[in-house]
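Working notes, structure below.
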Amino acid sequence: MSEQTVQRSDRILLVDDNATNLQVLYKTLDVLGYTLLVAKDGETALQIAEKARPAIVLLDIRMPGMDGFEVCQRLKANSVTAESAVIFLSAADDTESKVRGLELGGVDYITKPFNTDEVVARVRTHLKILRLEQELARRNVELQDENKQILDSVTDAIISLDSEGLIRVMNPMAETMSGWTETEVIGEHIRTLNLFPHRTGTAMPMEQSLLYPAYHGGEFTHSDQETLTRKDGSQVTIALTASPRQGKGAVLVIRDISAWIENQRALQKVRDELESQRQNLAHIERLSSGGEMAAGIAHEVNQPMTAIGNYARVAMRLLENKPESSERDRLTEVLGKMNTQTTRAGAVIERFRNYLRKPDS
């Protein structure tokens, strides 16, 4: 029994015009549990292969009519049978035949008379390779599906560029944000979309554009705020990141920050209003404390005003007595003191007014 698990899909087609060779091959592989198919000529082999889709074809080269090389060529040309692994069987041991067989798509070459252990070993090896290839293909499909699901679910726009700036992938959010569909732009240069008129090379040399260093030079570029122009000409504020992709282009991540910008403006408006209210409250506080200060200010103002009144009465008496020249000097002194006390009282009032005045800001 085989050292590895035999699967129902392990069909092997044996093609040889020699009945003895077919019988030996059949007995050798039948005990291992493989599903065996037999053909004695090329035409029959092609018909069976298209219906059964064998994993491996053990193919004799020298057959009447259609030889093994032509059979292999036609198997590989048919999409239904192209994945079948062809192992040539031939008595010819020349290098030219081997090279030709491999060039036509064969995977191995067994020289007649063949050793049964060698045939079994080679069949097992190529079946294992086929399974690994199938598993790899399946995983690639799953990975592509997973990647697509991820791209479809992210809230940022993602655009993949090759090293020349040609668009390779665009996720649904990128379609929504730009107004372009993926089928419209695949294979087009990023500049032709005119998404960033002044940053992608349409209004400046391409080498000086924002994205060129990323997709062509393998450098990381970023902008906190850019204006993206949609297909219809409308614009949206975005943040843009361009990350190099293993030296083979770049991935653009575009985030719509228009709502964030609007929130920042609203927040700044609230801050301004709070600052205005704070100043108003401070003004009201000064006004309320003004009443408490009134008594002290009245006292401060009363002193110079009392002095002014006294000096005024003295000046009036001097004038009533028709002052001599000596008394005029005294009158001048009294009037000067009145002016000084008036200035003092005015300064006190002005300081109080300045304290209670609302700031211009």
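Some notes on this structure:
- Separation of the alpha carbons by more than 28 angstrom is noted, of LYS51/LYS128; LYS27/LYS112; LYS76/LYS248, for LYS76/LYS248.
- The fraction of accessible area contributed by carbon and sulfur in segment 64-168 is 52 percent, rounded to a whole number (1.4 Å probe; ligands and nucleic acids excluded).
The values are calculated or read from the model by the stated rules, or taken from the named source; none is laboratory data. Computed from a prediction, not measured in an experiment: that's the story for all the values here. Please note that ligands, DNA and RNA were not included when accessible areas were found on the heavy atoms of the full protein model with its side chains. Shrake-Rupley method; radii C 1.70, N 1.55, O 1.52, S 1.80 Å.
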